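Following: one structure in structure tokens, then a few remarks.
The values are calculated or read from the model by the stated rules, or taken from the named source; none is laboratory data. Since the structure is predicted, the reported quantities are computational estimates derived from the model, not experimental observations. Quick reminder, even Gly has a Cβ in these numbers, built from the backbone with ideal geometry, and neighbours come from all protein chains shown.
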Amino acid sequence: MVLKLILRRISDISAGRDHLLILTSAGHVYAAAASHNYPDKGQLGVPGLTWATRPKDRPYDSPLRVVTAGYLKINQIATGNYHSVLLDYNGGVWTFGDNSYGQLGFDYLPDQPTRDSPAELLLQSFYPSPITATCYQIAAGGMNSFYMVDAAQQQDQKVTADVWASGKGLWGELGNGKWTHVQGKPTKIKALSGLVECKHMPPSEMVNTV
Amino acid sequence: MVAPDSNEDYIRAPRRIPPFNNILLRDLKLGNGVGRMFYTVHPVVLNIWSKITIIVAVDEKGNVYEWGIGYGKGIKEPEVVLAGKDIQRIEASADRIFALSKDGTLYSLPISKVDQQEGPKPDEPSWIPFVKSKAPISYKTLTVPLEYFDKYLLHLSETQYGAQADTT
């Protein structure tokens, strides 16, 4: 009983405008309607769920389980206004919800402006093959998603950290120096990319190298 | 308005909010264009929309404070809306606040003061045995029972595939 309680402990929450994501310490994700507007852009991540098909035997704002392909354990959750981003323990990124500005990380498709089931965003495809890309942190806000990626060289194990952004860039939110209305394919934020960790370097030396 | 005691439209320099002197914060959330529904049916929706702000804060004891136009007009000081729950994290949607306590309990309460006072109030255990009292504000707790919802998932996929099979 105690173990069961621990397993379903809520460890993090994240709310969009109309929905709420709940992460438990077991790595499970739940989504719930969170306002007077029932989420209709697929941001709950439960395929086929609408106001009409919602489970009628409980309040409309009850949490429902969200699963990725392969029932992966989830490490982090993030929500924008109308979309959701999940990060699994393998460093893979899953997105669902509204894609009208490309915030899900792929180009806007007129016949599929929203997606209601989590699908993986292959950050690996933005790197050449000798580099392994693992996402270690995600963030989302408004109509944007941000992905922080560790890119490891396979030969010398050199790791650099990159930050990618996708979504609405009309007001410079993407940080790439462009004012793109819709940005589906993630763009790299130059100022925050190619960073190398140097924790063994004493501060005095760091001043000299700069 | 972020500074609850001010009538200025814009505040150009950071300033201290006096009620928070000597209080440390655990979490803070700003919301824009949120709050009670009737503001959204105002004729000048666009103008007023961006001005309906709320600020929710959690102090070091886990009490939740709230202020801003979305909470209630003319309130000059942050007010404690949820006390004694040991809240760690807060989030806000378009009209509800979600508060996660240290023991993993998730509370959901309306943003606006009117809804908090008029909505259904849950029972709370009191210090007198066998006597329950009503909570001072309207809120509910959200739980995630695992087995139950896995069953629902299965049900939904069955109906989906069933419908597809029918059409083809």
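Observations on the structure shown:
- Whichever residue in segment A:90-132 is among the aliphatic types (A, V, I, L, M) and free of Cβ contacts under 8 Å to residues at least 24 places away in the same chain and, among such residues, is farthest from A:Leu64 (Cα to Cα): A:Ile131
- Selection from segment A:18-46 of residues that are closer than 17 Å to A:Tyr82 by Cβ, surrounded by fewer than 19 Cβ atoms within 10 Å (Cβ to Cβ) and facing chain B (nearest Cβ under 9 Å): A:His36, A:Asn37
- Among the residues making up segment A:32-67, those that are among the hydrophobic types (A, V, I, L, M, F, W, C) and either without any contact (Cβ under 8 Å) to a residue 12 or more places away in the chain or assigned to a loop (DSSP other than H, G, I, E, B) (or both) are A:Ala34, A:Leu44, A:Val46, A:Leu49, A:Trp51, A:Ala52, A:Val67.
- Any hit, segment B:97-115, residues being away from chain A (no Cβ under 12 Å), under 28 Å from A:Gly80 (Cβ atoms), touching a strand residue (DSSP E or B) at 6+ places or on another chain (Cβ under 9 Å) and surrounded by fewer than 22 Cβ atoms within 10 Å (Cβ to Cβ): yes
- Residues located in segment A:88-110, provided they are crowded, with 23+ Cβ neighbours inside 10 Å and at negative phi: A:Val93, A:Trp94, A:Thr95, A:Phe96, A:Asp98, A:Asn99, A:Tyr101, A:Gln103, A:Leu104
- Some residue of segment A:163-180 being in contact with a Lys or Arg (Cβ under 9 Å, 6 or more places away or on another chain), farther than 25 Å from A:Gly45 by Cβ and polar (S, T, N, Q): yes
- Residues of segment A:68-95 classified as part of a loop (DSSP other than H, G, I, E, B) and either among the polar types (S, T, N, Q) or in contact with a strand residue (DSSP E or B) (Cβ under 7 Å, 6 or more places away or on another chain) (or both), total: 10
- Scanning segment B:130-143 for residues that are at pLDDT below 80 and assigned to a loop (DSSP other than H, G, I, E, B) yields B:Phe130, B:Val131.
- The residue list B:Lys85, B:Lys76, B:Lys132 contains one member that is more than 12 Å from every other protein chain (Cβ to nearest Cβ), surrounded by 14 or more Cβ atoms within 10 Å (Cβ to Cβ) and over 23 Å from A:Asn37 (Cβ atoms), which is B:Lys85.
- Summed over segment B:116-129, residues that are within 14 Å of chain A (Cβ to nearest Cβ) and under 13 Å from the mean Cα position of the chain (by Cα) total 0.
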